[in-house]
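Asker: Below you'll find the structure I mean.
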Ligand SMILES: [Zn+2]
């Protein structure tokens, strides 16, 4: 994330979003849901402060998030959940990779971002 600037506060809890691996905005950016031009205009949030998205992250080191209510995984179509878990988890792993890599922000999005097709075997040529 833009280390030269300070003060990216979470719009939900008000705490500093200190690391790209905690950033819901950047997660959605690498997934192709947020345009580059929008990065500095949209509110920053912790991934965990958006549980309906965060519940799809299934990764070692990421404590699973359980959502209650109509948007809980338990109430969603299992096929949709499987696709979302693969997609969002891949985005999260991308953030982990980016947190140690030195890439231009324009190269952050996944190669297949925005072109996710259900049950595709995703290529790993990052
Ligand atoms: Zn927060």
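We did not get these values from a lab; they are worked out from the coordinates using the rules stated. Here the structure is a predicted model, which is why all the values come from computation and not from measurement. Quick reminder, even Gly has a Cβ in these numbers, built from the backbone with ideal geometry, and neighbours come from all protein chains shown.
Asker: Yes or no: region 31-42 includes at least one residue that is free of Cβ contacts under 8 Å to residues at least 24 places away in the same chain, farther than 21 Å from residue 97 by Cα and surrounded by 14 or more Cβ atoms within 10 Å (Cβ to Cβ). Spell out the reasoning first.
Answerer: First pass over region 31-42, keeping only residues free of Cβ contacts under 8 Å to residues at least 24 places away in the same chain: 34-35, 37-38, 41-42.
Narrowing the set further to residues that are farther than 21 Å from residue 97 by Cα leaves 37-38, 41-42.
Add one more test, that the residue is surrounded by 14 or more Cβ atoms within 10 Å (Cβ to Cβ), and what stays is 42.
Yes; the residues of region 31-42 include at least one that is free of Cβ contacts under 8 Å to residues at least 24 places away in the same chain, farther than 21 Å from residue 97 by Cα and surrounded by 14 or more Cβ atoms within 10 Å (Cβ to Cβ).
Asker: Mind telling me which of the residues 67, 81 ends up being surrounded by 14 or more Cβ atoms within 10 Å (Cβ to Cβ) and closer than 27 Å to residue 14 by Cα?
Answerer: One residue alone meets the criteria, 67.
Asker: Select from region 4-30 the residues that are surrounded by 11 or more Cβ atoms within 10 Å (Cβ to Cβ) and at positive phi and list them in ascending order.
Answerer: To start, the set of residues in region 4-30 that are surrounded by 11 or more Cβ atoms within 10 Å (Cβ to Cβ) comprises 8-13, 15-30.
Answer for region 4-30, where residues must be surrounded by 11 or more Cβ atoms within 10 Å (Cβ to Cβ) and at positive phi: there is none.
Yes/no matrix, rows are residues, columns are (1) within 14 Å of the ligand (Cβ to nearest atom); (2) in a helix (DSSP H, G or I):
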{"site": "14", "(1), (2)": "yes, no"}
{"site": "25", "(1), (2)": "yes, yes"}
{"site": "28", "(1), (2)": "no, yes"}
{"site": "32", "(1), (2)": "no, no"}
{"site": "44", "(1), (2)": "yes, no"}
{"site": "62", "(1), (2)": "no, no"}
{"site": "71", "(1), (2)": "no, no"}
